[in-house]
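Taken together, the values in this text are just the output of simple stated rules run on the coordinates, not laboratory data. Predicted model only: the values in this text are computed from it and were never measured. Heads up, the Cβs are rebuilt from the backbone with ideal geometry, glycines too, and the neighbour counts pull from every protein chain shown.
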Amino acid sequence: MINYIYIYIYNTLVTTYRLISMQLITYEMLMLQPPPAKYGGRHTVTLIPGDGIGPELLNHVKEVFRFSCVPVDFEVVHVNSALESEDDINNAITAIRRNGVALKGNIETNHTMAPSVKSRNNLLRTSLDLYANVMHCQSLPGVQTRHKNIDIMIIRENTEGEYSSLEHESVSGVVECLKIITRNNSLRIADYAFRLAREKGRSRVTAVHKANIMKLGDGLFLQCCREVASGYPDITFDSMIVDNTTMQLVSKPQQFDVMVMPNLYGNVVSNVCAGLVGGPGLVPGANYGRDYAVFETATRNTGKSIAGRNIANPTAMLLAGCMMLDHLRLYDYASMIRNAILTTMNETRLHTADIGGQGTTSEVVQSIMRNIQSKGPLTTDL
Amino acid sequence: YVSFLWSYTKKCVIIILSLNVMFLYSASQIQTVTLIPGDGIGPEISTAVMEIFDAAKAPIQWEERNVTAIQGPGGKWMIPPDAKESMDRNKIGLKGPLKTPIAAGHPSMNLLLRKTFDLYANVRPCVSIEGYKTPYTDVDLVTIRENTEGEYSGIEHLIVDGVVQSIKLITEQASQRIAEYAFEYARNNQRASVTAVHKANIMRMSDGLFLRKCREAAEKHKDVKFTEMYLDTVCLNMVQDPTQFDVLVMPNLYGDILSDLCAGLIGGLGVTPSGNIGANGVAIFESVHGTAPDIAGKDMANPTALLLSAVMMLRHMGLHGHAKKIETACFDIIRDKKVLTKDLGGNSKCSEFTKAICQRVRDLD
């Protein structure tokens with residue numbers, strides 16, 4: 001009699017386990033699958049150094065990864081922004097298609113060249129269809145800012161809108177620039193925003209627009225957001241006009257939770273938020289597509305004026321590296337490096353010049369590596 | 001004794017005659033300004049401003065007009081002809097907040113005014129107010145925004161179902177006009193530098209044209225320093241350190257966003273002045289906040305925005321003495337914190353606030 005009860009309980013447990021694991025598998029299939037590790041558990045990631053402070057910061061990332069024995073190999077692809085031909089960037093795009101994941105610095109766009117020479121960064125984003133740019137702005141306790149307790153996620157449409165690069169001069173002296181908004185892309189980005197909000201346990205999504213002036217364009221974007229919002233009743237949805245948004249951000253940024261918006265407003269709002277939490281050196285950003293993911297600093301600065309002087313802040317690029325490790329499912333390495341970075345930032349308070357300190361880049365990186373060594377399992381020599 | 005009396009009388013007559021001449025001279029200096037009270041709290045704050053100007057003895061005479069849109073011959077919406085005629089004659093206007101009813105069929109009133117008088121430049125000086133604390137102190141910048149074209153041309157098409165295209169228009173003529181105005185403004189108001197805000201790395205041709213025109217204007221005004229900066233860099237630096245900016249000139253959309261950002265830095269639209277400069281010497285100064293229908297008629301409104309716009313107007317007309325007097329009185333009252341309206345953190349009425357400023361203006365005399 002007792003045996004039957006045991007068998008019955010065992011069967012129920014097994015069925016429940018199977019049901020739950022099937023649900024988890026389907027859920028995981030919905031989210032972006034990272035590429036499988038090749039060659040004995042080591043991932044290959046494309047590295048694009050870019051211009052300005054990009055090369056030196058990415059060198060530091062390589063250093064930290066090598067030191068922490070992270071199973072990632074970098075395939076370096078150089079893109080020369082001074083050339084007019086697009087071969088370099090096409091090589092980079094092919095490399096990213098091959099590896100699936102990339103870490104990049106910003107490639108400079110020289111706007112004294114002819115208008116037909118398009119922005120390389122933009123070309124990369126549109127070719128790989130990296131439709132979502134995600135940025136998480138959080139106040140760090142170790143950094144002095146005017147506003148405290150900021151925790152905003154910004155999801156920005158990354159491929160269309162004002163950045164379509166479709167311009168023409170119909171009459172001499174009159175230039176038209178087209179801003180394209182499509183239903184498909186707006187639905188896609190709104191869906192991404194709500195899924196991410198649900199996954200991270202966020203309660204509110206705000207759409208930022210200017211639909212009172214651009215009635216058709218931003219009106220379509222807003223309508224798509226509303227449609228998607230109706231499918232997520234547990235998440236509150238509201239909208240705000242972009243100029244009011246910037247005004248609210250500088251007076252009361254704590255009211256915002258998750259924000260979703262088209263391309264240009266995303267540029268403005270993400271830079272404002274990065275400035276509010278302490279500057280361009282602190283926030284990492286990620287560009288996600290259906291099949292590829294590219295990680296970089298959130299504000300995409302080349303930092304030409306501070307290049308080569310060992311004063312750039314490595315935090316943003318290192319945190320972008322950690323986001324990449326999370327994406328590759330190397331969670332332990334990611335949290336180890338991230339904790340070391342935050343310890344250096346908040347406890348040791350070793351800051352670079354942009355956040356008011358006097359440390360150099362190498363000093364900060366050394367401090368991070370010491371933190372990793374003291375807490376981590378296995379490292380190479382310092 | 002008689003000769004003494006005679007010389008004394010002569011002196012008195014001379015003094016009285018010269019006083020009369022002076023009075024006549026200053027009387028001819030009284031300028032007429034078109035006043036558009038607006039809707040909602042508009043009439044209250046306009047009355048407040050008129051009272052304060054009266055106390056300051058500013059040589060301004062007000063001509064009130066209404067600009068509710070009417071449909072002219074041919075069905076085209078336009079502002080009433082007497083308002084247009086008054087504005088064309090006086091050249092200077094002060095406007096309160098206007099409401100745009102949603103289903104009225106006519107475009108927004110502000111848009112109508114802009115088109116009628118070709119108001120091509122929107123100037124918004126943002127100066128930190130000493131008594132009104134915000135996280136940002138020492139803000140002192142001016143945003144000059146192109147107001148007629150750019151992203152707000154309103155040209156949109158539905159290409160196929162699900163694809164919408166908005167056209168951003170940049171013309172050589174408008175860019176040149178705004179760039180010239182920006183440098184003239186910098187020169188006339190002793191500002192050291194002008195920064196052009198653009199996104200020419202992405203919008204190569206359109207912002208490239210704007211930038212070229214700014215560079216050309218900079219060549220003609222070598223005494224003012226000229227820099228160019230990307231929009232995202234400006235936003236990033238503005239929230240970290242707004243003191244590094246002086247005069248900013250930019251196309252329509254960036255101007256909209258940045259001018260509201262700067263207004264947020266100093267405390268919001270309730271304390272920000274604004275001026276619109278048009279062709280043919282027309283200038284309309286306005287308060288940019290809304291009509292606030294929920295507090296209309298309750299004597300709770302804050303007239304600071306309209307008052308500071310009126311002060312901007314006085315400076316534009318060259319009456320710097322009166323402008324300084326009224327501005328100082330206003331800032332003193334806000335700094336004292338004894339009589340403040342609700343939005344500034346106090347609980348006084350609009351009329352009390354106005355009386356306090358009037359008293360301070362008279363004391364400063």
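Looking at the protein assembly as shown, send over the antiparallel percent of its DSSP beta bridges, to the nearest 5.
50
Place a +1 charge on the Cβ of each Lys and Arg in the protein assembly as shown and a -1 charge on the Cβ of each Asp and Glu, then give the dipole magnitude about the Cα centre in debye, rounded to the nearest 20.
About 940 debye.
Restricting to DSSP H runs of at least four residues, report the calculated mean residue ellipticity at 222 nm for the protein assembly as shown, -39500 (n - 2.57) per run over all residues, nearest 500 deg cm²/dmol.
-14000 deg cm²/dmol
Considering only the other residues whose Cβ falls under 13 Å of the Cβ of A:E157, what net charge follows from Lys and Arg at +1 and Asp and Glu at -1? Don't jump to the answer; show the numbers that get you there.
Working: positive: A:R125, A:R156, A:K179, A:R183, A:R188; negative: A:D129, A:E160, A:E162, A:D191, A:D218.
That works out to 0.
So what are the three principal axis dimensions of the range B:47-93 from its Cα atoms, in whole Å, longest to shortest?
The principal-axis extents, from largest down, are 46, 20, 10 Å.
Counting only other chains, what is the mean number of Cβ atoms within 10 angstrom of the Cβ of each residue in peptide B:125-131? Could you put the intermediate results ahead of the total?
Details: counts 0, 0, 0, 0, 0, 0, 0.
Taking all residues of B:125-131 together, the mean is 0.
I'd like to know which of B:N90, B:I144, B:L119 lies farthest towards the positive end of the charge dipole of the range B:90-177, counting +1 on Cβ of Lys and Arg and -1 on Cβ of Asp and Glu.
B:N90
Less than 21 Å apart at the alpha-carbon level, and either on another chain or at least 8 residues along: which lysines does that give for A:K118?
Here the lysines satisfying the reach criterion relative to A:K118 are A:K104, A:K179, A:K304, B:K168, B:K199.
Indicate the gyration tensor shape class of the protein assembly as shown (rounded, prolate or oblate), computed on the Cα atoms with a ≥ b ≥ c the square roots of the eigenvalues: a/c under 1.5 is rounded; otherwise a/b larger than b/c is prolate and the rest oblate. Before the final figure, lay out the partial values.
Values: a/c = 2.04, a/b = 1.98, b/c = 1.03.
Verdict is prolate for the protein assembly as shown.
Using the Cα centre as the reference, give the magnitude of the dipole from point charges on the C-beta atoms of chain A (Lys, Arg: +1; Asp, Glu: -1; all else neutral), rounded to the nearest 20 debye.
Rounded to the nearest 20 debye, it is 860 debye.
Here are some pairs, B:K91/B:K298; A:K210/B:K99; B:K115/B:K220; which of them have Cα atoms lying more than 23 Å apart in this structure?
From the list (B:K91/B:K298; A:K210/B:K99; B:K115/B:K220), the Cα-Cα distance tops 23 Å for B:K91/B:K298; B:K115/B:K220.
Residue by residue through the range B:336-353, what is 3J(HN,Hα) from phi via Karplus (6.51 cos²θ - 1.76 cosθ + 1.60, θ = phi - 60°)? Round to whole Hz and write x for glycine and proline.
Result, ordered by residue: 5, 6, 8, 10, 10, 6, 4, 5, 8, x, x, 9, 8, 7, 4, 5, 5, 4 Hz.
Running a GNM on chain A with Cα contacts under 10 Å, which residue among A:E347, A:E84, A:E169 ends up with the highest mean-square fluctuation?
A:E169
Taking a cut-off of 20 Å between Cα atoms, list the lysines near A:K148, but don't count ones fewer than 8 places away on the same chain.
List returned: A:K252, B:K133.
Under a 5 Å amide H to amide H cut-off, with H placed in plane at 1.01 Å, what residues pair with B:S287 once short-range neighbours are removed?
Correct list: B:K95.
Using packing as a proxy for protection, rank B:335-342, A:98-105, B:196-203 so that the peptide with the highest average count of other Cβ atoms within 10 Å comes first.
Numbers: B:335-342: 15.4, A:98-105: 22.0, B:196-203: 24.6.
Final packing ranking: B:196-203, A:98-105, B:335-342.
Lys/Arg Cβ at +1, Asp/Glu Cβ at -1, dipole of the range B:267-365 taken about the Cα centre: which of B:G268, B:A305, B:I326 is farthest positive-ward?
B:I326
Return a whole-number percent for the relative contact order of the range A:265-346, with Cα pairs under 8 Å and 6 or more residues apart as the contact set.
Relative contact order comes out at 24 percent.
Per residue of A:102-112, count partner chain C-beta atoms within 10 Å of its C-beta, then hand back the mean as an integer.
Whole-number average of other-chain Cβ neighbours for A:102-112 is 2.
Given a cut-off of under 8 Å on Cα pairs at least six residues apart, what relative contact order in percent is computed for the range B:218-341?
That works out to 16 percent.
Tell me the relative contact order for the range B:322-365 as a rounded percent, counting alpha carbon contacts under 8 Å between residues six or more apart.
It comes to 37 percent, rounded to a whole number.
Roughly what % of DSSP beta bridges within chain A run antiparallel, to the nearest 5?
Among the beta bridges of chain A, antiparallel pairing accounts for roughly 45 percent.
Running Debye on chain B with equal point scatterers at the Cα sites and no solvent, what base-10 log of I(q)/I(0) appears at q = 0.08, 0.14 Å⁻¹?
Evaluating at q = 0.08, 0.14 Å⁻¹ gives log10 I(q)/I(0) of -0.45, -1.25.
Convex hull over the Cα atoms of the range B:151-216, averaged projected area in nm²?
5.6
What is the Cα centroid distance between the range A:355-372 and the range A:185-251, reported in whole angstrom?
Distance between centres, Cα-based: 38 Å.
Would you mind classifying the range A:57-192 by shape? Square roots of the alpha carbon gyration tensor eigenvalues, ordered a ≥ b ≥ c; an a/c under 1.5 is rounded, otherwise it is prolate if a/b is larger than b/c and oblate if not.
oblate
Nearest 10 degrees is fine. How inclined is helix B:172-188 to the longest principal axis of chain B, computing both from alpha carbons?
Around 40 degrees separate the two axes.
Name the long-range amide H neighbours of B:E228: under 5 Å, sequence gap of 5 or more, or other chain; modelled H, no Pro or chain starts.
Result for B:E228 returns B:A196.
Placing +1 at every Lys and Arg Cβ and -1 at every Asp and Glu Cβ, with all other atoms neutral, what dipole size does the range A:135-189 have around its Cα centre, in debye to the nearest 20?
In debye, rounded to 20, the range A:135-189 gives about 420.
Rank B:P251, B:P59, B:P81 by mean-square fluctuation in a GNM of chain B with C-alpha springs under 10 angstrom and give only the top-ranked residue.
So, out of B:P251, B:P59, B:P81, the one fluctuating most is B:P81.
With both bridge residues required to lie in the range A:170-327, what share of the DSSP beta bridges run antiparallel, to the nearest 5%?
Within the range A:170-327, antiparallel bridges account for around 40 percent of the total.
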